[in-house]
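*Asks:* Quick one: the structure is below, questions incoming.
Please treat every number below as a calculation from the coordinates, not as lab data. Bear in mind the structure is a predicted one, so any value in this text is a computation, not a measurement. Virtual Cβ from ideal backbone geometry, glycine too; neighbours counted across all protein chains shown.
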Amino acid sequence: MKKTTGAWSQEIDARRDSLTALRRDFHRHPELSFQERRTSEIIAQRLHAAKLDVRTGVAGTGVVGILHGDRPGRTIAWRADIDALPLTETLEAPFASGTPGVMHACGHDGHTAIAITLAEILAARRAEMEGTAVLVFQPAEEVLGGARPMLEAGVLDHPHVDEVYGLHLTTQIAAGAVMVRPGPNMASADSITVEISGRGGHGAYPHLSVDPVTAAAHILVGMQHLIAKEVAASETAVLTIGQIVAGTKNNIIPASAIMRGTLRTFADGVRAQILTRLPAFAADMARAYRAEARVAIGDMSCPTVINHDRETAFVRECAVAELGETAVTDGKPVMASDDMTHFLRARPGCYFRVGIAPADGHSAPHHAPEFEMNEDGLPAGLRVALGVMLNALGR
Ligand SMILES: [Zn+2]
Ligand SMILES: [Zn+2]
């Protein structure tokens, strides 16, 4: 039988305003990846005040809070990401971003506020708490760069964490609803650069040049066939070229062309297959046009987010206990990526989604300057987070 937070719901209700205020404060003061100095200072202050053991400067601007309950139990981590995006917010509100060109447009301000409040509620009931809660505040999710250095810093090893959980707010579902599904949840992401070298010359005499633009065009189209013809129809992959850079003038054949794109998949095997095949494919294709092509895979990469079956069933059970059966659905995997994947490859666990869609249903996508959160989703997220942590610690 699951212990629900029923007895603690008053505590959640009592903190509703402070939870919203905290989120609004982070929203007003967004900070880019690895520059979350003010954010991590506030996190550390709050955790110190709640009498957690606090580690700061983890992976640069990351913070870890460790809370030992008075009763024996397991060690469970809760991970929240804390960074904002390089966008200028269009929303007009007193708490709108005060930093031009930087905006919390993915909900990480909410993740941070929920995780701090979660720590404070657990700390206030330390005497009843079983086991050890490890609150992980990770920087730089938006550049897929913060998770790995935090793991390398040993955040799951000292103390040894048994399981890891976390949530992502989403405008794709109604406030108060939860999506939780086992297996692949979020796509892998790889940034890809294709550099094509030719030989420049006059546009009137292409036979005296090697035209990298024509080669690039064929490689671009061919890459789509690579997906269609070499990936099994039962699998999925997306390869988008979002940038082509070449040339200076209509009648000059340039010496080189560059294409940049992103690859998304839901299976490690498919990802490996395409990443292995792409360099040879581009090089062979370029050779047909007497050009040369090199493919580089960028650092901003991460594998598919895969939820563990047992821990996912557990989260679903907790979410249903907190919010009711109708509020909880499987949802579908999303093509977005998240470096939570590294935590879930290090320990069993589950990453689930909590709705923050506006009441009128008109939601702007994440990473858009019009992004807006329905703050009614925050206490629902906190409620499930608390249920998951309490039950996992004592399981
Ligand atoms: Zn994001
Ligand atoms: Zn995000």
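*Asks:* Please list, short to long, the whole-number percent of alpha-carbon pairs of the range 236-395 in consecutive 10 angstrom bins beginning at zero.
*Replies:* 8, 25, 27, 19, 12, 7, 2, 0
*Asks:* Where the eigenvalues come from the Cα gyration tensor of the range 126-184, what are the semi-axes √(5λ) of the equivalent ellipsoid, largest first, in whole Å? Don't skip to the answer; put the middle values down first.
*Replies:* On the way: eigenvalues 117, 77, 26 Å².
One finds semi-axes of 24, 20, 11 Å for the range 126-184.
*Asks:* Here's a follow-up. Per DSSP H run of at least 4 residues, take -39500 (n - 2.57); add these up for the chain, divide by its residues and hand me the 222 nm value, nearest 500 deg cm²/dmol.
*Replies:* Dividing the helical sum by the residues of the chain leaves -11000 deg cm²/dmol.
*Asks:* Further, regarding this structure: For the range 158-202, evaluate the Debye formula with one uniform point scatterer on each Cα (no solvent term) and list log10 I(q)/I(0) at q = 0.22, 0.27 Å⁻¹, rounded to two decimals.
*Replies:* So the normalised log intensities are -1.02, -1.13.
*Asks:* Please report, in cubic angstrom per residue, the volume enclosed by the convex hull of the alpha-carbon atoms of the range 279-329. Intermediate values should be presented prior to the final figure.
*Replies:* Details: hull volume 7.4 nm³, N = 51.
For the range 279-329, the hull spanned by Cα atoms encloses 145 Å³ per residue.
*Asks:* Add +1 for every Lys or Arg and -1 for every Asp or Glu among the other residues with Cβ under 9 Å from the Cβ of Phe95, and state the total.
*Replies:* +2
*Asks:* Could you tell me the distance between the Cα centroids of the range 274-309 and the range 319-395, to the nearest Å?
*Replies:* About 32 Å separates the Cα centre of the range 274-309 from the one of the range 319-395.
*Asks:* Let me ask something else. How many times 2.2 N^0.38 Å is the alpha carbon radius of gyration of the range 292-384?
*Replies:* Taking the Cα Rg and dividing by 2.2 N^0.38 Å, one obtains 1.36.
*Asks:* Could you list, bin by bin from short to long, the percent of Cα-Cα pairs of the range 142-253 in 10 Å steps?
*Replies:* 9, 23, 23, 21, 14, 8, 2
*Asks:* Here is a further query. Read phi for every residue in the range 18-30 and hand back ³J(HN,Hα) as whole Hz from Karplus 6.51 cos²θ - 1.76 cosθ + 1.60, θ = phi - 60°, with x for Gly and Pro.
*Replies:* 5, 4, 5, 4, 5, 4, 5, 5, 5, 5, 5, 10, x
*Asks:* For the chain, count the residues as N, evaluate 2.2 N^0.38 Å, and divide the Cα radius of gyration by that value, please.
*Replies:* 1.11
*Asks:* First check a/c for the range 199-307, with a ≥ b ≥ c the square roots of the eigenvalues of its C-alpha gyration tensor; if it is under 1.5, answer rounded, and if not, answer prolate when a/b is larger than b/c or oblate otherwise.
*Replies:* Note, shape of the range 199-307 comes out prolate.
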